[in-house]
């Protein structure tokens with residue numbers, strides 16, 4: 001496996017765990033206390049993130065060593081001094097703070113959700129959007145927050161004991177609807193920011209990957225609309241099969257979201273297309 005491919009895979013693991021952690025904490029603060037399985041998922045996400053951060057640093061240092069032709073020690077020093085390196089340190093410190101706050105017998109979910117929200121900004125500023133300035137990084141941060149609340153919340157919903165409580169489903173529907181108000185316009189802005197001409201969509205690897213991501217995102221939105229307008233109202237009316245239908249739809253949404261996160265990680269490892 002090449003270093004670029006390794007970075008894409010690790011980036012996918014990093015992004016998936018980030019979404020599971022931040023979104024799970026948003027769910028805990030705004031929807032319902034996580035189940036025992038949901039709390040376990042948060043702790044697993046913390047562990048996976050710690051490993052992913054270490055692998056990212058090692059792979060990035062190795063690529064920098066190949067490009068610069070320097071020894072390992074100078075590369076490590078130089079990498080830590082870069083914007084990427086300083087943000088990597090900030091992400092690591094933030095992860096430790098969240099882990100300590102989550103370790104208590106009665107976690108303060110709202111405080112944890114605020115900490116996770118602030119921590120997400122380091123990741124947004126570390127990626128492609130951060131290269132365009134703090135404004136673009138802030139919009140990417142809003143996009144990441146919305147995606148995390150939706151996808152991470154879906155995971156927590158899937159881990160609830162069956163049948164899914166109608167109250168949790170209704171509260172999550174409200175949260176998911178609110179996230180779309182941020183997710184869609186921020187996503188459109190970021191797509192135009194990175195692919196500024198239509199010919200770049202079909203003419204570049206970045207553009208084709210973005211098209212694939214947008215196609216899967218459209219399917220995910222359609223599934224979310226089905227939950228919003230059919231399954232959750234049916235649960236409110238007491239229809240016997242509604243909780244099972246919602247659970248199946250949620251699992252399918254999580255599968256689509258996982259594929260979308262993979263394409264997002266690939267985009268993060270690809271060079272951005274530039275107009276002549």
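The values are calculated or read from the model by the stated rules, or taken from the named source; none is laboratory data. Computed from a prediction, not measured in an experiment: that's the story for all the values here. FYI the Cβ positions are ideal-geometry reconstructions off the backbone, even for glycines, and counts take in every protein chain you see.
Restricting attention to the range 147-162, does a residue exist that is more than 23 Å from residue 255 (Cβ to Cβ) and in a helix (DSSP H, G or I)? No, there is no match, as no residue in the range 147-162 is more than 23 Å from residue 255 (Cβ to Cβ) and in a helix (DSSP H, G or I). For the range 193-207, residues that are under 14 Å from residue 270 (Cβ atoms) and either in a loop (DSSP other than H, G, I, E, B) or at pLDDT 90 or above (or both) total 2. From 219, 261, grab the single residue that is over 26 Å from residue 7 (Cα atoms) and in contact with a helix residue (DSSP H, G or I) (Cβ under 7 Å, 6 or more places away or on another chain). None of the others qualify; the one that does is 219.
Looking across the range 160-202, the residues that are without any contact (Cβ under 8 Å) to a residue 24 or more places away in the chain and more than 21 Å from residue 224 (Cα to Cα) come down to 191, 192, 198, 199, 201, 202.
Right, residue 225: in a helix (DSSP H, G or I), free of Cβ contacts under 8 Å to residues at least 40 places away in the same chain and either surrounded by 14 or more Cβ atoms within 10 Å (Cβ to Cβ) or under 19 Å from the mean Cα position of the chain (by Cα) (or both) or not? The answer is no for residue 225.
Among the conditions (1) over 30 Å from residue 28 (Cβ atoms); (2) touching a helix residue (DSSP H, G or I) at 6+ places or on another chain (Cβ under 6 Å); (3) in contact (Cβ under 8 Å) with a residue 24 or more places away in the chain, residue 206 misses just one, which is (2). For the range 235-263, filtered to residues that are in a helix (DSSP H, G or I) and without any contact (Cβ under 8 Å) to a residue 12 or more places away in the chain, the residue that is nearest to residue 160 (Cα to Cα) is 248.
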